[in-house]
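Some notes on the structure that comes next.
Values in this text are rule-based calculations from the coordinates and carry no lab data. In this text the structure is predicted, and so the values were computed from the model without any measurement. As a convention, Cβ positions derive from the backbone with ideal geometry for all residues, glycine included, and neighbour counts pool all protein chains shown.
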């Protein structure tokens, strides 16, 4: 299993737009991508502009399929308009069962 995190910083006033966009992405990923097991978005309790996306994929092929999915690539321009900076991504190999 592969875990991916993305730290996202919304522009002031764009939080609802980012939440709506990411919510739609999460729905599509978990519905349309058999290798995507989890796609969640969380907002910081201390900084209302800071978000963390957490995703789990079966393997590298599933992660690549997500990165190349049409709905995902077409949503990137709108997502970037909502962000103050590029997302900070991290990829992890899960340990244990």
All positions within the stretch 5-38 that are within 14 Å of residue 65 (Cα to Cα) and either touching a residue at least 40 places away in the same chain (Cβ under 8 Å) or in contact with a helix residue (DSSP H, G or I) (Cβ under 7 Å, 6 or more places away or on another chain) (or both): 25, 28, 29, 33, 35, 36
Some residue of the stretch 51-63 being in contact (Cβ under 8 Å) with a residue 40 or more places away in the chain, surrounded by 17 or more Cβ atoms within 10 Å (Cβ to Cβ) and not in a strand (DSSP E or B): yes
Any hit, the stretch 30-49, residues being within 14 Å of the chain's Cα centre (by Cα), part of a helix (DSSP H, G or I) and surrounded by 15 or more Cβ atoms within 10 Å (Cβ to Cβ): yes
Residue 67 under 11 Å from the mean Cα position of the chain (by Cα), exposed (fewer than 14 other Cβ atoms within 10 Å of the Cβ) and without any contact (Cβ under 8 Å) to a residue 24 or more places away in the chain: yes
Some residue of the stretch 82-95 being in a helix (DSSP H, G or I), touching a residue at least 40 places away in the same chain (Cβ under 8 Å) and closer than 23 Å to residue 17 by Cα: yes
